[in-house]
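Okay, structure first, notes after.
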Amino acid sequence: MTTLLPKTKEMIPLHDQELFERLIGRVEEEKDALPLPVKSIVYFTANWCGACKKLNLDRIMTENSDFTWFKCDIDKNDYTAGFCEIRQIPTFLMIKNKKIIGRISNSDTTIVSKWAKET
């Protein structure tokens, strides 16, 4: 069973496809699990990614604190990255009410933060 806090100041690791499928409503929520967030963003990255290291993630998350943030390391969870057709990193995927509603592939902190506010 995976339990999630609806809001956290840290990114929640997205280790497996099952958790992602719960976020998008393809797998039923477990009865005794904490509720999934209504608004979330999945950040696709890798430790070796230079463009990812340019981002000021603390600023992006602070400016968009109404989202629950998930981090998908494509070297540890390549299935979800493939499922979402991630072709470059960093990529951000926005989910609201269990539906994917937007994506952006960019390493500019200001652009990513603005996208999250406006999408």
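Odds and ends about this structure:
- Members of the range 66-77 found to be outside any loop (DSSP other than H, G, I, E, B) and either open to solvent by 80 Å² or more (accessible area, probe 1.4 Å) or of a type in the set (D, E, K, R) (or both), listed by number: Lys71, Asp73
- Neighbours by Cβ (under 8 Å, 6+ apart or cross-chain): first from the range 92-111, free of Cβ contacts under 8 Å to residues at least 12 places away in the same chain and at positive phi; second small (Gly, Ala, Ser) and open to solvent by 50 Å² or more (accessible area, probe 1.4 Å): none
- Residue match in the range 111-118 (condition: aliphatic (A, V, I, L, M), part of a helix (DSSP H, G or I) and surrounded by fewer than 14 Cβ atoms within 10 Å (Cβ to Cβ)): yes
- Residue match in the range 39-50 (condition: modelled with pLDDT under 95 and assigned to a loop (DSSP other than H, G, I, E, B)): no
- Residue within the range 78-90 that is closer than 16 Å to Met11 by Cα and either in a loop (DSSP other than H, G, I, E, B) or in contact with a Leu (Cβ under 9 Å, 6 or more places away or on another chain) (or both) present: yes
- Flag if Ile95 is modelled with pLDDT of 95 or more, crowded, with 16+ Cβ neighbours inside 10 Å and not basic (Lys, Arg): yes
- Of the set (1) modelled with pLDDT under 95; (2) open to solvent by 80 Å² or more (accessible area, probe 1.4 Å), all apply to Leu34 but (2).
- Here Val27 passes the criteria (1) surrounded by fewer than 20 Cβ atoms within 10 Å (Cβ to Cβ); (2) touching a helix residue (DSSP H, G or I) at 6+ places or on another chain (Cβ under 6 Å); (3) touching a residue at least 12 places away in the same chain (Cβ under 8 Å); (4) not charged (D, E, K, R) except the one numbered (3).
- Of all residues in the range 98-110, those that are open to solvent by less than 50 Å² (accessible area, probe 1.4 Å), out of contact with any strand residue (DSSP E or B) (no Cβ under 6 Å at 6 or more places or on another chain) and of a type in the set (Ser, Thr, Tyr) total 2.
- Hits in the range 80-91 - residues which are farther than 15 Å from Ala51 by Cβ, in contact (Cβ under 8 Å) with a residue 40 or more places away in the chain and surrounded by 21 or more Cβ atoms within 10 Å (Cβ to Cβ): Thr80
- Residues that are of a type in the set (A, V, I, L, M, F, W, C), under 15 Å from the mean Cα position of the chain (by Cα) and closer than 14 Å to Thr109 by Cβ, drawn from the range 42-68: Cys52, Leu55, Leu57, Ile60, Met61
The values are calculated or read from the model by the stated rules, or taken from the named source; none is laboratory data. Predicted model only: the values in this text are computed from it and were never measured. As a convention, Cβ positions derive from the backbone with ideal geometry for all residues, glycine included, and neighbour counts pool all protein chains shown. Side chains are part of the model used for accessible areas, which takes the heavy atoms of the whole protein and leaves out ligands, DNA and RNA. Shrake-Rupley method; radii C 1.70, N 1.55, O 1.52, S 1.80 Å.
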